[in-house]
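First the structure, in the form of structure tokens, and then the observations on it.
The values are calculated or read from the model by the stated rules, or taken from the named source; none is laboratory data. Here the structure is a predicted model, which is why all the values come from computation and not from measurement. Here Cβ is always computed from backbone atoms with ideal geometry, including for glycine, and neighbour counts include all displayed protein chains.
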Amino acid sequence: MRSSLLLALVLGVAGCGDKVTFHVVEFPGFSLEVPTALTYDGDPKVEYRAGQTQGQAGRRLFVVGWQPGPNATVDEMPMFMKAMATALPGGASFHAGTPQTLTIAGHPATRLDSQIETMTLSMVDVACGKRSVLIAVGAERGVDEVREHMLASFDCHPIAAEDAAIGTTAVPIGVDDPVPSPAGASRPTATCS
Amino acid sequence: MIANATMQIGFYQIPSSTGIDSDRLAKVLPTLFGSAGMTWTRDHSVTRGDRLYEVGRMSIGGESTPGVLGLWACPGRADAVIAFAIGADAADGVIDFLGKLRCARPDDPPLPLAPAAP
């Protein structure tokens, strides 16, 4: 998801453009008022665990994504950005700001603003039940207004049955047969999830 | 994470593997490891079905160990799994082992693995 965001930036959508208009979109287990260029028509059950959608208005980029687990910490956010920056064209200037913690509609969140060439990329990762929701806005101007408009509308309403299903899988892998031993070594043991 | 006497494997769930190919993995991994104070040196890549594997060595603090990173999408869902195995020289054996694992399903029982010794 995050790599797709950078891909869009690499393709050159950064910049300024026309006035942004908004509409409310219902995502799996949460809703947001987002720019009309951003829509979601995925299967809310299939994509409950994780998903992503992105849109472009003028030369602004908007991304909404979600995944299992708590929101990124202030230590993790710069690492994500640093890893994503490898997708940028050689020589592109990149500077990550200082991550900060905040609360969005009562949910813990982490925000990190970065500068890529002349574009500002603002990312907010907010907790929602057993998942986190990443909201990103990239543009040369007006990033703060669009981001705050989206965050003010954030409504987290997890689907209990789907959230419960996330909780039953303590590890992301499963097996259909008894676990074999790799390379003839001793049987592997679980040490943590 | 699972482990035995020769290797450790960590598993990570990611939202999507769409658009990630061997070239992109090869480009991102050094920086990803570097941001955690480690060095990743790629040897080669392996594709088995729709699963991608990167084979190389991970170095930290002057110590170097063989490593295999695997990536596979979860059928019928948007998410994917990344597995990172270190410590075993036989990359083919590690890839065979990882190939027998799948994404977790909501109704899965606990993994049939022995608990780690305290």
_Residue within the stretch A:43-50 that is more than 13 Å from chain B (Cβ to nearest Cβ), modelled with pLDDT of 80 or more and closer than 23 Å to A:ALA105 by Cβ present_ = no
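For the stretch A:123-157, give me each residue that is in a strand (DSSP E or B) and over 24 Å from A:GLU47 (Cα atoms). Explain how you work it out, then say what you get.
Quick first cut of the stretch A:123-157, residues in a strand (DSSP E or B) only: A:123-128, A:131-139, A:155-156.
Within the stretch A:123-157, A:GLY138, A:ALA139 qualify.
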*For B:GLY93, are the conditions met, namely being small (Gly, Ala, Ser) and exposed (fewer than 13 other Cβ atoms within 10 Å of the Cβ)?*
no
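Can you tell me which residues in the stretch A:22-42 are assigned to a loop (DSSP other than H, G, I, E, B) and either under 16 Å from A:LEU134 (Cβ atoms) or modelled with pLDDT under 85 (or both)? Explain how you work it out, then say what you get.
To start, the set of residues in the stretch A:22-42 that are assigned to a loop (DSSP other than H, G, I, E, B) comprises A:28-29, A:36-42.
If the condition is that a residue be assigned to a loop (DSSP other than H, G, I, E, B) and either under 16 Å from A:LEU134 (Cβ atoms) or modelled with pLDDT under 85 (or both), then A:PRO28, A:GLY29, A:LEU38, A:TYR40, A:GLY42 are the ones that fit.
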*Being farther than 24 Å from B:PHE97 by Cα and of a type outside the set (A, V, I, L, M, F, W, C) is the filter here, so list the residues in the stretch B:31-72 that pass it.*
B:THR31, B:GLY34, B:SER35, B:GLY37, B:THR39, B:GLY61, B:GLY62, B:GLU63
*Looking at the stretch B:103-111, is at least one residue surrounded by 14 or more Cβ atoms within 10 Å (Cβ to Cβ) and either under 12 Å from the mean Cα position of the chain (by Cα) or more than 8 Å from chain A (Cβ to nearest Cβ) (or both)?*
no
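Inspect the stretch B:3-10 for any residue being closer than 18 Å to B:ALA80 by Cα, surrounded by fewer than 18 Cβ atoms within 10 Å (Cβ to Cβ) and more than 9 Å from chain A (Cβ to nearest Cβ) and give the result as yes or no.
Kept after step one, since they are closer than 18 Å to B:ALA80 by Cα, are these residues of the stretch B:3-10: B:9-10.
Cutting the leftovers down to surrounded by fewer than 18 Cβ atoms within 10 Å (Cβ to Cβ) gives us B:10.
Applying the additional criterion that residues be more than 9 Å from chain A (Cβ to nearest Cβ) yields B:10.
Yes, some residue in the stretch B:3-10 is closer than 18 Å to B:ALA80 by Cα, surrounded by fewer than 18 Cβ atoms within 10 Å (Cβ to Cβ) and more than 9 Å from chain A (Cβ to nearest Cβ).
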*Any residue in the stretch A:61-68 that is surrounded by fewer than 20 Cβ atoms within 10 Å (Cβ to Cβ) and modelled with pLDDT under 90?*
no
_Go through the stretch B:73-87 and report how many residues are more than 10 Å from chain A (Cβ to nearest Cβ) and under 19 Å from B:LYS27 (Cα atoms)._
1
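Among residues belonging to the stretch B:42-63 that are hydroxyl-bearing (Ser, Thr, Tyr) and surrounded by 14 or more Cβ atoms within 10 Å (Cβ to Cβ), point out the one that is farthest from B:ILE95 (Cα to Cα).
Just the residues of the stretch B:42-63 that are hydroxyl-bearing (Ser, Thr, Tyr), to begin with: B:45, B:47, B:53, B:59.
Cutting the leftovers down to surrounded by 14 or more Cβ atoms within 10 Å (Cβ to Cβ) gives us B:45, B:53, B:59.
Working: B:SER45: 11, B:TYR53: 8, B:SER59: 20 Å.
Step by step, filter the stretch B:42-63, then rank; the result is B:SER59.
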*From the list A:THR103, A:THR73, A:THR53, which one is of a type in the set (S, T, N, Q) and at pLDDT 95 or above?*
A:THR103
*Within the stretch A:91-100, is there a residue that is on the phi > 0 side of the Ramachandran plot, exposed (fewer than 14 other Cβ atoms within 10 Å of the Cβ) and modelled with pLDDT under 75?*
yes
